[in-house]
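Asker: Quick one: structure below, then a few questions.
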Amino acid sequence: MRVVFTWAGMWRGVRRGVPLLLGIIPFGLVVGVISLGKGLSLAETLLMSGLVFAGASQLLALELWSDPPDILAVAIAALVVNIRMVPLGAALSFWLNHLRGWRLWSSLFVTVDHSFALSVAEHRAGERDAAFLLGLGILTWMGWVASAGAGHLLGAAVALPPSHPLFFAATATFVAILVALWRGPRQDIPPWLAAAAAALAAQALRLPAPLPLLAGAFAGALLGARMEARAARGARP
Amino acid sequence: MTLRWDVTLAILAMGIVTYLCRAGGYAVLRAVKTPPFVDALLRNLPAPLFAAYVALALSRQDLAAVAASLACAAAQLRWRNFGVSIGVGVAAMAGLRWAGM
């Protein structure tokens with residue numbers, strides 16, 4: 001079936017994205033409040049949210065934030081968290097392979113987990129307009145930047161101490177993401193335990209950030225990939 | 001509205017790396033076929049990454065943070081809504097701090 005790229009499709013993406021804002025705005029507010037807590041100005045917060053547009057990697061980079069910032073550490077944090085986006089574009093090839101120029105590269109710029117998941121669902125339901133992804137992405141991008149800015153302003157207005165329970169939101173966000181990724185005990189417990197153990201061991205060896213995180217992530221991913229390969233071999237007759 | 005040069009550089013580095021993941025990954029995977037094990041490794045990276053993060057974050061906090069994380073996880077299992085889960089986690093933390101933990 002022919003893939004098109006129209007204003008109508010873009011507008012459908014914008015409209016279908018409105019409920020997603022419910023999940024994005026609280027996360028953006030948290031990133032804004034934490035950016036303030038780490039000493040970022042409003043302009044820096046808006047710049048980061050607009051350019052990076054990836055909540056988990058922003059939170060992680062903010063956790064590692066120092067003054068002056070360790071550029072290599074935050075770039076590695078962004079790489080490790082966002083490497084999961086590499087296969088997203090490939091999985092959207094049913095639309096992206098038909099696009100070129102600004103349509104392709106701007107669609108990729110605004111692709112996040114939410115817009116990816118919704119676009120796959122819409123494609124399965126028969127959507128043939130590739131502008132759907134861009135419309136959805138632009139709306140979520142605007143919601144993200146605006147809510148991060150609002151979080152920064154809100155945090156400045158009420159002057160929160162660093163020990164305020166609101167800052168626990170960063171940890172809570174990662175706990176919630178982790179739970180959302182849960183598939184089942186046999187698949188998930190071994191790699192998750194390996195990840196936690198390797199990360200804590202690297203921290204105990206006093207390796208600098210983000211090495212403990214990297215050690216944990218790759219230890220768990222290696223084990224997960226090996227388990228997957230073994231299961232695939234076992235499934236073969 | 002201040003923009004410090006070192007902070008701006010760090011943000012630019014993050015932005016470039018992130019765009020490379022989004023667009024560069026697509027371009028590479030469109031052009032070449034990656035070995036199955038690399039595919040599997042990429043597919044299996046997200047959950048262990050967050051598991052490592054949570055383990056490190058909780059190792060630097062107290063028992064109240066562990067309890068609030070359990071509340072947050074339970075909320076996510078029950079309602080599957082990030083906004084609600086984060087809210088429950090922060091509320092649990094506030095409650096535990098108020099109770100003197």
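The values are calculated or read from the model by the stated rules, or taken from the named source; none is laboratory data. None of the values given here were measured: they were computed from a predicted structure. Heads up, the Cβs are rebuilt from the backbone with ideal geometry, glycines too, and the neighbour counts pull from every protein chain shown. For accessibility, only protein heavy atoms count, side chains too; no ligands or nucleic acids. Shrake-Rupley method; radii C 1.70, N 1.55, O 1.52, S 1.80 Å.
Asker: Roughly how big is chain A's charge dipole about its Cα centre, with Cβ charges of +1 (Lys, Arg) and -1 (Asp, Glu), in debye to the nearest 20? Could you put the intermediate results ahead of the total?
Answerer: Values: 17 positive and 10 negative charges, 194 e Å.
It works out to roughly 940 debye.
Asker: Along the principal axes of its C-alpha atoms, what lengths does region A:101-142 span, in descending order and rounded to whole Å?
Answerer: Principal-axis extents of the Cα atoms in region A:101-142, largest first: 25, 21, 13 Å.
Asker: When ligands, DNA and RNA are left out and all protein chains stay put, how many square angstrom of accessible area per residue does the protein assembly as shown have with a 1.4 Å probe?
Answerer: Numbers: 15740 Å² over 338 residues.
Heavy-atom accessible area per residue stands at 47 Å².
Asker: A further question follows. In whole percent, how big is the carbon plus sulfur part of the accessible area of chain A, probe 1.4 Å, protein atoms only?
Answerer: On the way: 7320 of 10600 Å².
Answer for chain A is 69 percent, counting heavy atoms of protein chains only.
Asker: Below 14 angstrom from the Cβ of A:A73, what's the summed charge of the other residues (Lys, Arg +1; Asp, Glu -1)?
Answerer: Working: positive: A:K38; negative: A:E63, A:D67, A:D70, B:D6.
Overall, the nearby charge balance is -3.
Asker: Quick one: with all protein chains in place, what share of the accessible area of region B:44-94 is carbon or sulfur, to the nearest percent (1.4 Å probe)? Working shown, then result.
Answerer: Working: 1400 of 2000 Å².
Accessible surface attributable to carbon and sulfur in region B:44-94 totals 70 percent.
Asker: Evaluate E = 1/(1 + (r/R0)^6) for A:A150 and B:V32, where r is the Cβ-Cβ distance and R0 equals 45 Å; express this FRET efficiency to the nearest 0.05.
Answerer: Working: r = 42 Å, r/R0 = 0.94.
It comes to 0.60.
Asker: When the C-alpha atoms of region A:190-237 are aligned to their principal axes, what extent does each axis show, in angstrom, from largest down?
Answerer: 47, 14, 11
Asker: Report, as a whole number in µm² per second, the diffusion coefficient that Stokes-Einstein gives for region A:1-72 at 37 °C and 0.692 mPa s using the Kirkwood radius over alpha carbon pairs. Don't skip to the end; give the middle numbers.
Answerer: Values: Rh = 14.3 Å.
This corresponds to a translational diffusion coefficient of 229 µm²/s.
Asker: Can you pull out the buried accessible area for chains B and A, both sides counted, probe 1.4 Å, rounded to the nearest 100 Å²? Display every interim value, and only then the final one.
Answerer: Values: alone 8570 and 13710 Å², together 15740 Å².
Chains B and A together bury approximately 6500 Å².
Asker: What residue among A:W102, A:W192, A:W144 has the largest mean-square fluctuation in a Gaussian network model of chain A, using Cα springs under 10 Å?
Answerer: A:W102
Asker: Separation of region A:110-161 and region A:164-185 by C-alpha centroid, Å?
Answerer: After rounding, the separation between the Cα centres reads 19 Å.
Asker: Just for the Cα atoms in chain A, what are the lengths along the principal axes, largest first, rounded to whole Å?
Answerer: 61, 56, 29
Asker: Can you figure out the FRET efficiency of A:A231 with B:D62, using R₀ = 41 Å and their beta-carbon distance, to the nearest 0.05?
Answerer: On the way: r = 39 Å, r/R0 = 0.94.
Approximately 0.60, to the nearest 0.05.
Asker: Okay, which of region A:21-51 sit inside 15 Å, backbone N to the point 7 Å along the Cα-Cβ direction of A:A121?
Answerer: A:21-24
Asker: Per the helix-only calculation at 222 nm, which mean residue ellipticity applies to chain A, given -39500 (n - 2.57) for every DSSP H run of n ≥ 4 and division by its residues, nearest 500 deg cm²/dmol? The partial results should precede the final answer.
Answerer: Numbers: 13 runs with 176 residues, N = 237.
When only DSSP H runs of four or more count, the value is -24000 deg cm²/dmol.
Asker: While we're looking at this one, here's another question. Determine the shielding of peptide A:208-220 by partner chains: average, over its residues, the number of Cβ atoms on other chains within 10 angstrom of each Cβ. Let's see the in-between values first.
Answerer: Working: counts 0, 1, 3, 0, 5, 5, 2, 1, 9, 10, 6, 2, 9.
Average per residue, whole number: 4.
Asker: Assuming R0 = 56 Å, can you tell me the calculated FRET efficiency for the pair A:L207 and A:R2, based on Cβ-Cβ distance, to the nearest 0.05?
Answerer: Working from the Cβ atoms, E equals 0.60.
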